[in-house]
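Heads up, the thing below is written out as structure tokens.
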Amino acid sequence: MPIVDVHTHVYPPTFVELLRSRTSVPYIRNFPDAPDSARLVILPGEDDPSMPSTSRGRPIGPEYYDIAQKIAFMDQHRIDTSVISLANPWLDFLPSEEAGEAAKKINDDVEEQCARYPGRLYAFGTLPLSAPADTVVKEIERLGSLNHMRGVIMGTSGLGNGLDDPALDPIYAALEKHEQLIFLHPHYGLPASVYGPRASEYGHVLPLALGFPLETTIAVTRMLLSGVWDRFKNLKVLLAHSGGTLPFLAGRIESCIAHDGHLKKHGKIENRRDVWEILMANIYLDAVIYSPVGLKAAIDASGADRLLFGTDHPFFPPLEEDAKEWHSVTTNYGAISTAFPGKEAAAEDVLGNNAVRILKLHS
Ligand code: 5CU
């Protein structure tokens, strides 16, 4: 039985150089209070001067960019194959005129990393989303010629106005035409004000545990409301973190639509594909939710045959320095076996067979 990790990130060396050259978020820097340890500062507001030093970014070591360390991590955790993707914030921050070339370079670097480990690595490509839409479409077409690419990773900002922006239509059309799946991943969270005045006392818990999943849920709901899947019936999207809170909130979303006078007046309630249909036909969910409770909601909403194992490596390393096994990974393994009591075949599908089938790995 293959074990396939579909949610596992890298910052290729060229991207790390770029982050080291920067002085505003996102960047990598050694701070005076810990000169020997570089920190990766990527999330909005993470370098606010009021932040305690332990909340200012996170330590960054070779596990973020050395592909040999990815393989060692995979070996340690029995993972046969990983589908690697550039981590957030991707190229969102680049000036428009630089993004196209940067995306080509990153995608070529990642393709080369995959080629070094036949059968063990595939990738989701990166799009130059700050560039004009036709540059993005060209990169989508080029990705089709790279052997190890199996789709693209995208954040929720799209071309700057979110994923319900009609300007994205040529991009959705190209992804649909070339059968490239979108791995949709959060980065921006929610506005800092919702975390309250004591937020800096709570480390990264509120933005990562709640901001990320809600960001994803809002982005997908906006896609749904704007009719993206009515226009692009075969557009496939893999949602990070088991869909944020989408499986749990799908019923409420549909009820709010059914009771909305404004939508009714504009004829937007009839003749639409509802969220339940989209969940079963267009959406895949990763299994990065750390509990059988969340997994069961994901299975009920999308089906066990659309759920895919992931780790989020190199994020969430153990806090104990000598730990070999990562608690974040063993928790996800445990949640999968608990969610399928006596159904080993279904658990094995989630651990690897689904990814092999859906992403056409090893072919
Ligand atoms: O720890 C974090 O900030 C993150 C992040 O930024 N992106 C991610 O995929 N996981 C954790």
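Some points to look at:
- Qualifying residues in the range 91-122 (those that are in contact with a His (Cβ under 8 Å, 6 or more places away or on another chain) and part of a loop (DSSP other than H, G, I, E, B)) - the one nearest to the ligand (Cβ to nearest atom): Asp92
- Total residues in the range 169-192, condition within 27 Å of Ile289 (Cβ to Cβ), buried (at least 18 other Cβ atoms within 10 Å of the Cβ) and away from the ligand (no atom under 16 Å from the Cβ): 4
- Leading residue by the ranking (farthest from Gly251 (Cα to Cα)) among those in the range 301-344 that are within 14 Å of the ligand (Cβ to nearest atom), assigned to a helix (DSSP H, G or I) and of a type in the set (S, T, N, Q): Ser328
- Looking only at the range 26-65, and only at residues there that are within 14 Å of the ligand (Cβ to nearest atom) and among the hydroxyl-bearing types (Ser, Thr, Tyr), the one that is nearest to the chain's Cα centre (by Cα): Tyr64
- Only residues that are within 16 Å of the ligand (Cβ to nearest atom) and either without any contact (Cβ under 8 Å) to a residue 60 or more places away in the chain or not in a loop (DSSP other than H, G, I, E, B) (or both) were counted in the range 1-21, giving 9.
- Pairs with Cβ under 6 Å, 6+ apart, first in the range 204-232 and in contact (Cβ under 8 Å) with a residue 60 or more places away in the chain, second part of a helix (DSSP H, G or I): Val220/Leu246; Phe232/Tyr172; Phe232/Glu176
- Within the option set Leu295, Leu319, Leu361, Leu308, being more than 22 Å from Arg120 (Cα to Cα) and touching a residue at least 12 places away in the same chain (Cβ under 8 Å) holds for one residue only, Leu295.
- Scanning the range 237-288 for residues that are out of contact with any Phe, Trp or Tyr (no Cβ under 6 Å at 6 or more places or on another chain), in a loop (DSSP other than H, G, I, E, B) and buried (at least 18 other Cβ atoms within 10 Å of the Cβ) yields Ala240, Gly244, Thr245, Val288.
FYI, it's all coordinate maths here, none of it is from the lab. Every value quoted in this text rests on a predicted model; they were computed, and no experiment measured them. Here Cβ is always computed from backbone atoms with ideal geometry, including for glycine, and neighbour counts include all displayed protein chains.
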